[in-house]
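Values in this text are rule-based calculations from the coordinates and carry no lab data. Computed from a predicted structure; not experimentally measured. Don't worry about glycine lacking a Cβ; one is built from the backbone with ideal geometry, like all the others, and counts go over all protein chains shown.
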Amino acid sequence: MLRATLKSLLARKVRLVLSGLAVVLGVMFVSGAFVLTDTLSRSFDSVFADAYAGVDVNVAGKPKVSAGEFGGEPVTPPLPADTVEQVRAVSGVAAATGVVAADGARLIGANGKVVASFGPPQLGENWLGETDLVKLRDGRGPQADDEIVVNAGLAEAGKVAVGDRVGVLTLEPRRDFTVVGVFEYSGGRDSIGGAHEIFFTEPVAQQLMLGETGVYNSITVTTADGVTAPELRDRLAATLGADYDVKTGEQLSADSAAGLKEGLSFFNQILLGFAGVALLVGTFLILNTFSIIVAQRTRELALMRAIGASGGQVIRSVLVEALAVGLIASVLGLAAGVGVGALLAYIAGQFIGGLTLASVAVPVSAVVSSFAVGMLITVVAALLPALRAARIPPIAAMQDVATPDRPLTRITVAGGIVTTIGAALLAAGLTDNAGGNTLAAVFGGVLASFVGVALLTPVISRPVVSLLGRLFAWSVPGKLGRLNSGRNPRRTAITAAALMIGIALVTGVTVILDSAKTSLSAQAEDTINAELVVSGIQTGPRPPTFDPAVVDRAAALPGVAGAVGLYNDAAIVDGEQTWVLAATDMAVVRDIYSATPDSGTLDTLRPDQVVLSAPAATERGLSVGDQMTVQLSRGEPHTYTVAAIVPQGRLPSSIVLPREAAADFAIPQPVMAFVRLDEGASVESVQPALEALVADSPEVTVADRSAFIAQQASQFDVILQMIQILLALAIVIAVLGIVNTLALSMLERTRELGLLRAIGLRRPQLVRMVTVEAVVISVFGALLGVVVGLGLGSAVTYALRDEGITDLVLPWGQMAVFLALAAVIGVVAAALPALRAARINVLGAIAHD
């Protein structure tokens, strides 16, 4: 039986290649995700091991507010200079050096723009001379207060060299420096992990990066002979107390790498999610392939039953074929995934800039997941056809009969039940009634909905396919193609369902993002009554900022009625971490947002007062006059009194603090400013003067309200494009499904095709017949996907109405494009099967059994 199965498999190897290719693509995504994250993880391990190679023990203050889910880097309290002497006095310390190293030093390159960093920090540091890690490549170290040294990677990115005069943005407005040196790292490297580093003299580094002189943000300690780093760490921790964070260099390296790996884990989950979509689509393709093959082998399997093969042996025969396909596809998918993972890692390294990649390796997780997923998907997809094969009666071997269509009652009932379950899970997840399992409920609901609709597709396909086919029924080939596409509802349904999933996901995401973009843009138009906005697009961990004095100068410009600067930061409010905002002028905020408080007043905001949105006040049980405690990134906890409570959507943030609070923010500079004009003043007359005020801040721009809103909304387009690119793989697999179905169908209908040719159907007409069949199936799948996507997208949009997504936008233009694209897909998918059918030998086909 095994030999017969293997011979049968080899006889149909071409047929199984296409179904196996679907598994290859899905497994490629899975293994590629693990290879990518493993390569980047080991690369970052190496980066941080190098960065802390010369650190035995490090002493720093404990952050007031952790970065947590809000991203960025926590601000460590500055350490006074006398702390260095205190550390030096501890037994076992050979040397202790005060270090200034803070993110936020941005170099203005030769083109007048800030040298951007997409992830790696932009460090401003105090020059401590050459070390085993840092070596001057050109020039010397900084000696005067207007001199700096930059790493070679930053010098190349900014197109600057020794002797150039450049601007640097820090906690203070732009200051100009002379580049007196360019340094490299051990091994001749231009940077470590793509970080941009600028070294100042110590007093300048302290003032620009920490806000005051005579302080450091960490102390690097070298152990004396005979003392281990863990021993000295424990001594220092006992001496300094609980307000200090004392770690060994190895701990620092591991903790820094762990933070990045958490981000990589999230990225890995995204890739695995898209791999799941690809494999779900592939499951339909494999199911269809084995269903057709089993139908074609009816007499062969019946003969096996007649000569003594049991039903179990027939099942095992089909499953062995599936295992063989799954095994080969998993091997190929793993190999392709290694290549894709290595390519993505290279692209990520180039995008980050300066990241030295670790050698590509194949982690155990990639191997195990590839074979487990690839083989499991194939076997599960082949199980139903295998059970169907086992029920073939031996008497079928002695009859020349077609396999009769089975009633659709059971599959329709099952589809209705599964769809109902999916809808219930979606409703529970989208209405926060999933008991803390919101994400699982939503994903489960989407999956169950897709499966349920796929089960209902056979009963839907008959009327819809017949209607679509009538568009081509004006000719004999068109009429034949229409009839062929509807002759086997199950096969048509499975083929169309594969395309339906990809189109539905793209349509649903488009509905959600377009609705969000339109809703938020409309709200901004309704609530922001400022004619000009000063802001920038954030491309790294730190938002673009500008000089606080710009706001006051803007308010004094002719034609300006008022200006307000906005600062933001993560803070701990009554023990809970959240975002807060500080405004320079609450009266201007009131006018810009047309804010009429439910209680209290917005005329002024004293240094000890706070304004809350109504939902934030209700959540915390606060009223006007109540107090709340806020711990900012710097300083001690502050107690604020609630001055006013404002309706939702009428404040730039749910918690607004006075301008004095910004001094203790992680970034004590405004990230945005709104400018209102006098009645009769024009944007064209004021905008040039405002742009001149921010000329020293090339990260930010001045835009009118419409341009600002469009700029913010454009971020949704970027997200949508990324999702569409990733989901394109599912559509590619669906195309393979149509090709495979048609190819197998042509083999199954060999005799029929011969008879059609014999009675006068010409080759071009045969090609048109097959093409019509493919187009009808493809358009049916796309139409089904558009309808399902609209339903899912509309449901999610409705569930987000409390989050401000109030406008439902249906992308009619894109839906028309999807349907037109489906017709093109049908034509492309039909090309090879149609040509093969056209070349058929008429006499041989008629005699085919």
Quiz item: In percent, what relative contact order does segment 548-693 have, based on Cα pairs under 8 Å that are 6 or more apart in sequence?
Solution: 35
Practice problem: Would you work out the charge dipole size for segment 548-693 about its Cα centre, treating the Cβ of every Lys and Arg as +1 and the Cβ of every Asp and Glu as -1, and quote it to the nearest 20 debye? | Solution: 40
Quiz prompt | aspartates and glutamates with Cα under 14 Å of Lys62, excluding same-chain neighbours fewer than 8 positions away | solution = Glu73, Asp243, Asp245, Glu636
Exercise. Using DSSP, restrict attention to beta bridges with both residues in segment 548-693 and report what percent are antiparallel, rounded to the nearest 5.
Key: 75
Practice problem: Go through 800-813, 190-203 and give me the packing order, highest mean Cβ count within 10 Å leading. | Solution: 190-203, 800-813
Quiz prompt | Farthest toward positive dipole pole in the chain [+1 Lys/Arg, -1 Asp/Glu at C-beta], among Gly469, Gly119, Gln143 | solution = Gly469
Quiz prompt | Dipole-positive endmost among Gln313, Leu505, Phe284 within the chain (Cβ charges, Cα centre) | solution = Gln313
Quiz item: So, in Å, what gap is there between the alpha-carbon centers of segment 531-557 and segment 612-687?
Solution: 16
Quiz prompt | Space enclosed by the convex hull of the alpha-carbon atoms of the chain, per residue, Å³ | solution = 209
Quiz item: Quick one: which of 616-628, 658-670 comes out on top by average Cβ neighbours within 10 Å, and what's the full order, highest first?
Solution: 658-670, 616-628
Quiz prompt | For segment 567-609, size of Cβ-based charge dipole, Lys and Arg +1, Asp and Glu -1, in debye | solution = 100
Quiz item: To the nearest 20 debye, what is the magnitude of the charge dipole of the chain about its Cα centre, counting +1 on the Cβ of each Lys and Arg and -1 on the Cβ of each Asp and Glu?
Solution: 7500
Practice problem: Arrange the peptides 270-280, 503-513, 125-135 so that the one whose residues have, on average, the most other Cβ atoms within 10 Å appears first. | Solution: 503-513, 270-280, 125-135
Quiz prompt | Share, in percent, of DSSP beta bridges within segment 101-212 that are antiparallel, nearest 5 | solution = 65
Exercise. Calculate the length of the line joining the C-alpha centroid of segment 356-377 to that of segment 793-821, in whole Å.
Key: 37
Self-check item: Relative contact order (percent, whole number), the chain, Cα cutoff 8 Å, 6+ residue spacing
Solution: 16
